[in-house]
Amino acid sequence: MDKDKKTLLKVGITIVVSIVVLLWGVAFLKDLKFGLETNELVVYFSDVNGLKEGDPVSVNGVTKGKITNIELAPGDSVRVDFSLSKDVTLRKDYDVSVAMIELMSGKQIYIKPGVSKETADITKPLVGAKTNDIVGLIGTMNEVGADVKLITRKLDTAMTKMTLTVDNINSIVGDDGLKSNIKGAASNFNLASRNLNLMLADTRNSINSLTLKLNNIATNVDNTVTDTKPELKETMQDVRILTSRLDSLTINLNNLVLGANDSNSTVGKLLNEDEMYDNINKALLNINKLVKKIEKDGIRLKLF
């Protein structure tokens, strides 16, 4: 009988120890610390993305609390109540977000307390920020993968068209007739180049000779101008004198014409008075008679 009691006592102690170990293990797995003083805080998120009650609250990667309640708030936000150790001081530039630190771990609230000199008012609800965690990154990678697939299909299409183009070019370049024409064109081009070089060489000699002749002509002209410069000066002086005399003659002729037009001048009277013409005509008639008489009778001179 005593032996049975000892056995039952051992079984009972074993069960109690097992329960204690189980509770301690649960507490360890949940990152709970007995006797830790905490503050109760509220934060609002636009999306908690799989966050659950009991998930940890970490500060710079160190667990400092847990989530106590999650509920949908009026509007398009989610209210999250959580406890936070009193030894954590939030600054005005704090950052609170929902994150998944490791691929196989659950969600948690990740807090960066900030470095501002002013402390945050934790009596009012905090404003949560959404950060890209691993799940979001995987979703982004899926979207990028879809874009990569689309680009790959386009590249395959482009490569197919390029291959077809290359085949067409090969078929054109591989044509024997085209090769023969290209060779003939190249040969003609080489021949034309040689002829052009020869023509340029001949032309260069002609141009050099022409340039030399032009230089000689220019030198001769310069020498001629230099040699004839005194004669040219005298000729120009004579031309000036002749021009001056012509001007004087023109003035005299103009005066003569003006005098002829003036009936009061001698020339004008000679040209305009009829009596003068009559007298001149009579004188001429008498002279003619005298000449005829002299021719007929001769001249008789009486000296004494």
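The values are calculated or read from the model by the stated rules, or taken from the named source; none is laboratory data. Keep in mind that this is a model prediction, so the values were computed, not measured. Here the Cβ is made from the backbone with ideal geometry for all residues, glycine too, and neighbour counts use every protein chain on show.
Quick notes
- Residue match in the stretch 32-42 (condition: loosely packed, with under 13 Cβ neighbours inside 10 Å, within 15 Å of ILE111 (Cβ to Cβ) and at pLDDT 75 or above): yes
- Residues that are at pLDDT 90 or above and in contact with a Phe, Trp or Tyr (Cβ under 7 Å, 6 or more places away or on another chain) within the stretch 57-76 comprise VAL57, SER58, GLY65, LYS66, ILE67, THR68, listed in sequence order.
- Residue match in the stretch 73-96 (condition: more than 27 Å from SER116 (Cα to Cα) and in contact with a Lys or Arg (Cβ under 8 Å, 6 or more places away or on another chain)): yes
- Selected residue [modelled with pLDDT of 70 or more and either on the phi > 0 side of the Ramachandran plot or assigned to a helix (DSSP H, G or I) (or both)] from LEU270, LEU178, LEU232, LEU196: LEU196
- Failed item in (1) among the hydroxyl-bearing types (Ser, Thr, Tyr); (2) at pLDDT below 65; (3) in a helix (DSSP H, G or I), with SER244 passing the rest: (2)
- Total residues in the stretch 83-98, condition crowded, with 20+ Cβ neighbours inside 10 Å and either closer than 13 Å to PHE45 by Cα or modelled with pLDDT under 90 (or both): 2
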